[in-house]
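Worksheet: one structure, shown below.
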Amino acid sequence: MAITKINGKKVHYILQEAQTNKEAETLVLIHANAVDLRAFDPLLHYLGDRHHILRYDLRGFGKSDNDQPISALTIGHFIMDLQELLDTLKINSPHIIGWQMGALIGAGFASLYPNKVKSLTIMSMPCHPPHMIESIRSHRKELSGGEREIPFEYLEAMASTLPKGHPELAKLKEYANHIEFDLYAKVMDLTVSADPIKDIKNLHCPTLILSGSKEVLFPPHYLRLHTIHLRHCRLVMIPNASSLIVLDQPKGIAQLINDFISEPVEPPPISDPFIRSVDESMLDYVSQIQSEWLHKLEANKQLQIDILQQFQVFIEGDQIVNGWNKRFAKPLLAYLTINRSTTRDHICEALWPHSPIQQAKANLRVYLSYLRQLLTIPGSDHSFLVMDGAHVYLQGEVKCDAVAFMEKIQEAQHETSVETKQDLIDQLLNNLPRRLFEPLDIDWFLQLKTQIEEDLIDLVLWNANRYKKQKDYLTAIRQLKKTVLVAPSIDLYECLIDLFGKAGNEEQAIIWHSRMLEYDRK
């Protein structure tokens, strides 16, 4: 057991060295959501001592520190932690083995650092169709029943084939009891919200995908669809195993991993040219079918909502022009676009906070029915709006310019590399819209608009100060002038005036000082 400090943050790890070969390759085991590094104990017994084996506690789990607000955590933070730990321990080109959240981290790391990974094994990989993610997120959030504790009894029943009360499950419960609930909830939300397909398609290393035959929490169907034609991927179903796959079948998994990592990176060539041709032609054919099917699926169920510069709605590329100024259709759709999965109570509280709740709910039934008709694909009975009891959500391929803009702001906010942060802000400002949001006179919407403007202003000021240190005053001025037209603020004006002074342009400094006073009077 060892503790190392990376950037002032404690990281707990165990590095078990191979007994027979000091030059052996290293396996890196990355644990799942509701456990810590000890959850791999059953697997270690069968992996043997032919390899060095590194296990570590993810940030905030076990004995590792978390130096970020939980609400701000992204998978990127966990990927960065892995990269820094491997660099600190001077481990090059390991075999990475990830489980649930660990699988997402492993795939993200291998995609980002393709030359630093020899092979990748991912177990119980979370991977859901985009239109199902919001309903799955809501379900996971409800499992605790309002209690601030990990729903272990549910996990015990749904995530393992071991009998209730099994000693390994008892150990897992003990590990879970030491995890902060808010951290567990955040990591679970990151897990079910992830879309790892892009990372997996970008991989260059051999990849083994393991899923239990009785897996129900993270079914492999969608993952199988996207990887069936990828030569670097192999998907194996593990008999009599579920989400807690490492506990259910440790011996079988260890054997598969040992066999997989001992194989040569490049398979031997097929000597028979006819057999080689059949193999390649069949793979190409399967790939073509898969691509055409996915393209058709996405084209048939695409909803585009624009609310940044002007309100526009497109279904399958055709604009829906009429009907948005009746029955609260426009503000209701705007709310659902930002909150893809919500409840009737939350909608009423946000849009009509001063109305009696029963009256608001009665009105909402009418408004939702009307909106559902507007969002129904012409010539079919498929609507992008789903009303499932108390829950209301948008399904299918839904794109929104405002959501994409907000995600870019959040990405820049959470970026820890100064250089990358500056690049992200530059990209954001290069594509800055001429105005922020279609005006909707609703308190919820106005609060959202104000928060986004404040976040944008903070990023622009950060970038301006960065360029100021680099003595690139003209770039900072250009970005500030562009932003002040969209989200005016005294801070932006004052920064502009200061930069004009630094650039030796006192005339412009005076002009912008007058504009600031005029803005302040308003």
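Can you run the Rg to Rh ratio on segment 118-179? Use alpha carbon positions and the Kirkwood inverse-distance Rh. Numbers along the way, then the final one.
Values: Rg = 14.5 Å, Rh = 14.0 Å.
Ratio of gyration radius to Kirkwood radius for segment 118-179: 1.03.
For ILE275 and MET158 in one chain, what is 0.36 nm times their gap in residues minus the Cα-Cα distance, to one decimal in nm?
Full extension of this stretch gives 37.8 nm more.
Could you tell me the ratio Rg/Rh of segment 1-43? Both radii from Cα atoms, Rh via Kirkwood.
Working: Rg = 12.6 Å, Rh = 12.5 Å.
Rounded to two decimals, Rg/Rh equals 1.01.
Report Rg(Cα)/(2.2 N^0.38 Å) for segment 412-451, keeping two decimals. Can you show the working numbers first?
Working: Rg = 13.8 Å, N = 40, 2.2 N^0.38 = 8.9 Å.
Rg over 2.2 N^0.38 Å, computed on Cα atoms: 1.54.
If you wrap a convex hull around the Cα atoms of segment 296-361, how much volume per residue is inside, in Å³?
Taking only Cα atoms, segment 296-361 has a hull volume of 111 Å³ per residue.
Summing +1 for each Lys or Arg and -1 for each Asp or Glu, what net charge is found among the other residues whose Cβ lies under 14 Å from the Cβ of GLU142?
On the way: positive: ARG137, ARG140, LYS141, ARG148; negative: GLU134, GLU147, GLU149, ASP189, ASP345, ASP388.
With Lys, Arg at +1 and Asp, Glu at -1, the neighbours total -2.
Which pairs in the list LYS408/LYS468; LYS198/LYS399; LYS198/LYS421; LYS9/LYS141; LYS361/LYS408 are over 25 Å apart, alpha-carbon to alpha-carbon? Please report the intermediate quantities before stating the final value.
Details: LYS408/LYS468 23 Å; LYS198/LYS399 17 Å; LYS198/LYS421 22 Å; LYS9/LYS141 29 Å; LYS361/LYS408 34 Å.
Pairs exceeding 25 Å: LYS9/LYS141; LYS361/LYS408.
Set the Förster distance to 41 Å, then compute FRET efficiency between GLN310 and ILE91 from the Cβ-Cβ distance, nearest 0.05.
In this case the efficiency is close to 0.20.
Provide, in order from the shortest bin, the percent of all Cα-Cα pairs of segment 57-163 in each 5 Å bin, continuing until the bin that contains the maximum pair distance.
2, 9, 15, 20, 21, 16, 9, 6, 1
Taking 0.36 nm per intervening residue step and subtracting the Cα-Cα distance, what contour gain separates ARG50 from ARG234 on full extension?
Numbers: separation 184, 0.36 × 184 = 66.24 nm, distance 2.33 nm.
63.9 nm is the gain from fully extending ARG50 to ARG234.
May I ask you to rank LYS469, LYS186, LYS173 by accessible area, largest first, using a 1.4 Å probe over the protein chains only?
Working: LYS469 175, LYS186 45, LYS173 90 Å².
Highest to lowest solvent-accessible surface, that is LYS469, LYS173, LYS186.
Taking amide H positions as placed 1.01 Å from N in the peptide plane, with prolines and chain starts having none, which residues 5 or more places from SER64, or on another chain, fall under 5 Å of its amide H?
Correct list: HIS12.
Give me the one-decimal Kirkwood hydrodynamic radius in Å for segment 327-375, with the sum taken over alpha-carbon pairs. Let's see the in-between values first.
Details: mean 1/r = 0.0925 Å⁻¹.
Kirkwood hydrodynamic radius for segment 327-375: 10.8 Å.
Using only the alpha carbons, work out the radius of gyration and Dmax of segment 363-522 in angstrom.
Values for segment 363-522 (Cα only, Rg and Dmax): 20.7, 65 Å.
Using a Förster distance of 30 angstrom, determine the FRET efficiency expected from the C-beta separation of SER71 and ASP426, and round it to 0.05.
The value I calculate is 0.70.
Compute the distance from the alpha-carbon center of segment 460-517 to that of segment 228-281, in whole Å.
58
Per residue of segment 15-24, in order, report the coupling 6.51 cos²θ - 1.76 cosθ + 1.60 (Karplus, θ = phi - 60°) as ³J(HN,Hα) in whole Hz, putting x for Gly and Pro.
10, 9, 7, 5, 7, 9, 8, 5, 8, 5
For segment 1-38 and segment 110-166, what is the separation of their C-alpha centers, rounded to whole Å?
Spelled out, the Cα-based centre of one part sits 22 Å from the other.
Under the rule a/c < 1.5 gives rounded, and otherwise a/b versus b/c splits prolate from oblate, where does segment 187-235 land using the Cα gyration tensor?
It is oblate, given that a/c is not under 1.5 and a/b is not larger than b/c.
Check which residues have an amide H placed less than 5 Å from ALA241's amide H, if you skip close sequence neighbours.
When sequence neighbours closer than 5 places are left aside, the close amide H contacts are SER213, LYS214.
With point charges of +1 on the Cβ of Lys and Arg and -1 on the Cβ of Asp and Glu, referenced to the Cα centre of the chain, which listed residue (ALA254, LEU155, PHE405) lies farthest in the positive direction of the dipole?
Sorting the options by dipole projection puts first PHE405.
How would MET123, MET188 rank on accessible area, largest to smallest, probe 1.4 Å?
MET188, MET123
For a quick size check, give me the Cα extents of the chain along its three principal axes, largest first, whole Å.
Reported extents, whole Å, longest axis first: 78, 60, 57.
Looking at the chain only, what percent of DSSP beta bridges run antiparallel? Nearest 5 please. Don't jump to the answer; show the numbers that get you there.
Details: 23 of 51 bridges.
Taking every DSSP beta bridge with both residues in the chain, the antiparallel ones total about 45 percent.
When the Kirkwood radius is taken over all Cα pairs of segment 341-399, what Stokes-Einstein diffusion coefficient follows at 37 °C and 0.692 mPa s, in µm²/s?
It comes out at roughly 269 µm²/s.
Would you list the P(r) distribution for segment 434-512, with all Cα-Cα distances sorted into 10 Å bins from 0 and each bin expressed as a whole %?
Percent of pairs per bin, in order: 19, 46, 23, 10, 1.
Check which residues have an amide H placed less than 5 Å from MET123's amide H, if you skip close sequence neighbours.
For MET123, whose amide H was placed from the backbone, the distant partners under 5 Å are GLY98, TRP99, GLN100, ALA103, LEU210.
Quick one: putting +1 on the C-beta of Lys and Arg, -1 on the C-beta of Asp and Glu, what dipole do you get for the chain around its Cα centre, in Debye to the nearest 20? Working shown, then result.
On the way: 55 positive and 66 negative charges, 83 e Å.
The calculation lands at about 400 debye.
Compute, for segment 66-209, the length of the dipole vector about the Cα centre, with Cβ point charges of +1 (Lys, Arg) and -1 (Asp, Glu) only. Units Debye, rounded to 20.
Using Cβ point charges on Lys, Arg, Asp and Glu, segment 66-209 gives about 500 debye.
Run the reach check for LYS502 against aspartates and glutamates, Cα to Cα strictly under 16 Å, same-chain hits fewer than 8 apart removed. What comes back?
ASP472, GLU494
Where does the charge balance sit around HIS95 when Lys and Arg score +1, Asp and Glu -1, over other residues with C-beta under 9 Å from its C-beta? Before the final figure, lay out each step's value.
Working: positive: LYS118; negative: GLU25.
With Lys, Arg at +1 and Asp, Glu at -1, the neighbours total 0.
Test of understanding: what is the full-extension gain from ASP458 to ARG434, defined as 0.36 nm times their sequence separation minus their Cα-Cα distance?
Extra length from ASP458 to ARG434 when fully extended: 6.8 nm.
For segment 323-386 and segment 181-213, write down the distance between their C-alpha centroids in whole Å.
Here the answer is 32 Å between Cα centres.
Counting only protein heavy atoms, what percent of the accessible surface of the chain is carbon or sulfur at a 1.4 Å probe?
Answer for the chain is 50 percent, counting heavy atoms of protein chains only.
Counting only heavy atoms of the protein chains, get the accessible area per residue of the chain (1.4 Å probe) and round it to a whole Å² value.
Ligands and nucleic acids excluded, the figure is 50 Å² per residue.
How big is the convex hull of the Cα atoms of segment 47-110, per residue, in Å³?
Residue-normalised Cα hull volume stands at 105 Å³.
Ignoring ligands, DNA and RNA, how do THR26, THR74, THR20 rank by accessible area with a 1.4 Å probe, largest first?
Output order, biggest surface exposure first: THR20, THR74, THR26.
Working only with C-alpha atoms, what are the Rg and Dmax values of segment 283-417, expressed in angstrom?
Expressed in Å, the Cα Rg and Dmax of segment 283-417 come to 17.4, 61.
Hey, can you list the DSSP H helices of the chain whose Cα span along the axis is 15 Å or longer and whose average Kyte-Doolittle score is at least 0.5?
75-89, 101-112, 181-193, 473-486, 490-502
The values are calculated or read from the model by the stated rules, or taken from the named source; none is laboratory data. Every value quoted in this text rests on a predicted model; they were computed, and no experiment measured them. Heads up, the Cβs are rebuilt from the backbone with ideal geometry, glycines too, and the neighbour counts pull from every protein chain shown. Accessible surface areas use protein heavy atoms only, side chains included; no ligands, DNA or RNA. Shrake-Rupley method; radii C 1.70, N 1.55, O 1.52, S 1.80 Å.
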